[in-house]
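The values are calculated or read from the model by the stated rules, or taken from the named source; none is laboratory data. Remember, predicted model here, so these are calculated numbers, not experimental data. Cβ placement follows ideal geometry from the backbone for every residue including glycine, while neighbour counts extend to all protein chains displayed.
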Amino acid sequence: MYRSNTCGELRISDAGRKVTLAGWVQKVRKLGGMTFIDLRDRYGITQLVTEQAVEVGREWVIQVVGEVVERQAKNAKMPTGDIEVKIDTVTVLNKAQTPPFTIEEVSDGGEDIRAKYRYLDLRRAPLQRALALRHRLAQEIRTYLDGQGFMEIETPYLIKSTPEGARDFVVPSRMNPGEFYALPQSPQTFKQLLMVAGYDRYFQIVRCFRDEDLRADRQPEFTQIDCEMSFVEQEDVLNTFEGMMRSMFKNALGVDIPNPLPRMSWYDAMDNYGSDKPDVRFGMKIHEITDLVQGCGFSVFDSSAYIGAIAVEGCAEYTRKQIDELTEWVKRPQVGAKGLIYIKVAADGSIKSSVDKFYTPEQLKAVAERVEAKAGDLVLVLCGAKRKTQTQLGVLRIEMGGRLGLRDPKVFAPLWIVDFPLLEWDDETQRFYAMHHPFTAPKPEHEKWFYSDKKEDLERVCANAYDFVLNGTELGGGSIRIHNADMQSRMFEVLGISKEDAEYKFGFIINAFKFGAPPHGGLAFGFDRVCALFGGQETIRDYIAFPKNNQGRDVMIDSPSKIDQEQMDELFLQSTVKE
RNA sequence: GGUGCGGUAGUUCAGUUUGGUUAGAAUGCCGGCCUGUCACGCCGGAGGUCGAGGGUUCGAGCCCCUUCCGCACCGCCA
C-alpha cells in the first residue's frame, strides 16, 4: 500500500493516527534541527515535520510514514492547517530535476515555458481545478441527457471533405492512392443520418477539427456537445437544452439561471447590441438617431445611411485626451470607424459636443433622450453603412463595458438568439452562403421566398435557427433541419453548388432523405468554451489538458513534424516545400 | 495575409529614448547558520551565444536590414 490517505483529507480529528502519505515535495523549509516539508497531491497539501536529516528536493516523489499531530502553530489558510504529520520514515520513490518554473497557485513561469512542460503545469492547482470542472460538466451533461432518453453514439473521424465552411484537415489514404479522408468539422451529416435511422435522441461529446487560424478561444481540435432530435420543433429543442444548461449551472456552480431563458431575435440583437452574440450583463444599448440629426448641414451625418449612438454611464468628465484616445481606438483597422462624435451631458444637465456648431442644444438634448443618457453620461456616435456601423458600435459598447467593469465573469446572463436569416449574400464572390449551414431549413412561412429567384426575396428568408449566447460569447447553436430531398437540392442550388457537385459531395444525404427522413433538428455546444466561461476565463487553453499554441503547434511533443520519405512514398505524397 | 506588443541569468523582468568600464534586480539553484516555519529568516556563492544572421561604427543588448519564435487581435472560423 503506497498510501493510507491523500494529502488533502487529514484533519484535527485524525490526530494520533499512524498514516502513510505519498506525493510530490512542494517546498522544504529547514530550520536548523527541524525540517518542514509541504507534500502535495491533487487533493491538497499536508505539512510534514521531522527532526531527522532528510535529503529531498522540489518535486521529488516521496512516501512518508508518520503520526498525525496537532500543530503548535496552526495555519488558517489551508484546510489541513491544524495538523501535520510527524515523520517516522521517508522513502524516496523518485528524485526529480528542479522544475523550470514553480509549481504553485501562481507560477513564476511564462506561458511559453509552461506549455513546453505542460505535464508540470498540470500539477498546479488552477489547472487541476479547470480539468475537474470540465469533468464535472461532462458528467452533468451525460446524466441530464441520459435522463431525457438521449443515446450517446460515436461517429467516424475519417470522413469526407466538404466544400462549405471551414478548411478541412485531411488524411491521406494508403490503400486508396491519391485519395484523402477529411477529419470532421462536426458530425453534422452523421447525426442527421442517425435521425433517418430512427435514433430520435442522439448526443455525443465529440472532438471536431477545423484548419483555421487560432485564437484564445479557438483550437484546431476542439470538443462539441453534439445533439439531434427527431419529431421536434424549435420550441422543443430550446426547452430541452436550456434545461441541460440549467442543470449544469445549478449542479456545477450552484447558480440559478432564469426559467425560461430570455430570447432575442437576430434583428433585435444587431439593432440594439451590434452583435449576434450580445453581452446582456449590462445595458448601454445602441440607438439609431439618423432621423434626429440628418439634414442639418453636417455633411458627415448627411451622407451616412445610418447614425447610431450609445450612452456611456458617468463618463461626461472624459478629457480631450481620453476622447482622442477613444477616437484612435475606433479608427484602428480592427474596428474600422472613420471617426467618433461625442456629446457630453454634464452633471448639471448642460450639453457639450464635438458638433455644437451644427446643432442646437435642443436637438442634442433630443439625441441624449433617445439614447437614454442621464446627467453625467457620455454619448458616443458613429455613422456609416447600417450593419457595419452597428457592429462597430457593438465593439465599442463591449470595450466601454469592460472599462467600466460591467463584465463581471461571476455574473451569468445567458439567452437564446433566434430568427436568424437563412442566407447571407457575399459581395466578393457574388453568391449566397448559408448563415448557419446548408442543412438548415427555412421557416415554413418563408418558403415562398426560398423558392424565388429574386435576391431580395432570398435575403429575407429566416430560419428556425438559434444560438445559445452567454456573456457575449456564442456557446452553441443549431437549427431545425431540412428533411426533404427536394428542399435540400434547392438549398444547394441557391448556394451555387452544381447538381454534379452536390451529388459528389452530399449525394449520400440527399439520397438518405428519400428513404423516410423524419422532421428533425438539433444543436451543438462548444464544450471548451462552456468550460472556460463557467470557470470565469476567456481562454479555453486552461480547460484542455494538452492544447496547441497560436501556430497550431504542440510545443511539448513538438508537432506537427516532418515524416520519413518512406512514409511519404507509401502515401503517394510529394513534398513541394523547399528545404 | 494584416495590426500591435514581446524575446536579456533556470524563471519573471529592468536596462534600448541619448551606442562607451566588468549587463543588473527579484526569485529559483548551491553552500553555511538557524527547533515552529508555512512567500521562513540571515550570510555567502555560482549562473548570460542579450532569439538568430548580416550591416553601420574605433566600439552595438541599444542604431539599420533580414529572419525565426511567443502572445493578443483583424481577416478567416458554414
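Scoring residue A:575 on the criteria (1) in a loop (DSSP other than H, G, I, E, B); (2) in contact (Cβ under 8 Å) with a residue 12 or more places away in the chain; (3) away from RNA strand B (no atom under 16 Å from the Cβ); (4) surrounded by fewer than 16 Cβ atoms within 10 Å (Cβ to Cβ) leaves a single failure, condition (2). For segment A:468-485, a residue qualifies if it is of a type outside the set (S, T, N, Q) and farther than 16 Å from residue A:443 by Cα, and the qualifying residues are A:468, A:469, A:470, A:472, A:474, A:475, A:476, A:477, A:485. I'd like the full set of residues that are without any contact (Cβ under 8 Å) to a residue 40 or more places away in the chain and either touching a His at 6+ places or on another chain (Cβ under 6 Å) or surrounded by 17 or more Cβ atoms within 10 Å (Cβ to Cβ) (or both), limited to segment A:328-355. Scanning segment A:328-355 gives A:342, A:343, A:344, A:345, A:351, A:353. Mind listing whichever residues of segment A:98-125 are of a type in the set (Gly, Ala, Ser), more than 24 Å from the chain's Cα centre (by Cα) and more than 9 Å from RNA strand B (Cβ to nearest atom)? The answer is none; no residue qualifies. One residue is enough: does segment A:272-291 have a residue meeting the conditions of a type in the set (A, V, I, L, M, F, W, C), surrounded by 14 or more Cβ atoms within 10 Å (Cβ to Cβ), on the phi > 0 side of the Ramachandran plot and not in a helix (DSSP H, G or I)? The answer is yes; a qualifying residue exists.
For segment A:529-553, the set of residues classified as within 11 Å of RNA strand B (Cβ to nearest atom), in a loop (DSSP other than H, G, I, E, B) and not small (Gly, Ala, Ser) consists of A:537, A:538, A:539, A:540, A:547, A:548, A:549, A:550, A:551, A:553, listed by residue number. For segment A:204-219, check the following and say yes or no: at least one residue is without any contact (Cβ under 8 Å) to a residue 40 or more places away in the chain, away from RNA strand B (no atom under 13 Å from the Cβ), aliphatic (A, V, I, L, M) and in a strand (DSSP E or B). The answer is no; no qualifying residue exists. If you go through segment A:146-168 and keep only what is under 21 Å from the mean Cα position of the chain (by Cα), surrounded by 15 or more Cβ atoms within 10 Å (Cβ to Cβ) and either away from RNA strand B (no atom under 16 Å from the Cβ) or not small (Gly, Ala, Ser) (or both), you end up with just A:168. Just give me the residues in segment A:171-194 being surrounded by 19 or more Cβ atoms within 10 Å (Cβ to Cβ) and touching an Asp or Glu at 6+ places or on another chain (Cβ under 6 Å), in sequence order. The answer is A:187, A:191. Just give me the residues in segment A:423-437 being part of a loop (DSSP other than H, G, I, E, B) and either more than 10 Å from RNA strand B (Cβ to nearest atom) or farther than 22 Å from residue A:235 by Cα (or both), in sequence order. Residues satisfying the conditions are A:427, A:428, A:429, A:430. Considering the conditions (1) within 27 Å of residue A:236 (Cα to Cα); (2) among the small types (Gly, Ala, Ser); (3) at pLDDT below 95, residue A:479 is excluded by exactly one of them, (3).
So which pairs qualify, if the first residue must be in segment A:110-122 and under 17 Å from residue A:558 (Cβ atoms) and touching a residue at least 24 places away in the same chain (Cβ under 8 Å), the second must be of a type in the set (A, V, I, L, M) and near RNA strand B (Cβ under 9 Å from one of its atoms), the Cβ gap must be under 8 Å, and the two must be at least 6 apart or on different chains? That search, which allows pairs on different chains as well, returns A:112/A:555; A:115/A:555; A:116/A:555.
Note on segment A:19-88: enclosed strands (runs of 3 or more DSSP E) holding 1 or more residues that are within 9 Å of RNA strand B (Cβ to nearest atom) and loosely packed, with under 15 Cβ neighbours inside 10 Å are A:34-41, A:61-70. Those strands (runs of 3 or more DSSP E) of segment A:325-421 in which at least 3 residues are modelled with pLDDT of 90 or more and under 30 Å from residue A:235 (Cα atoms), considering only elements entirely within it, cover A:414-418. For residue A:503, indicate whether it is out of contact with any Pro (no Cβ under 9 Å at 6 or more places or on another chain) and farther than 22 Å from residue A:246 by Cβ. Taking the combined requirement at face value, the residue satisfies it.
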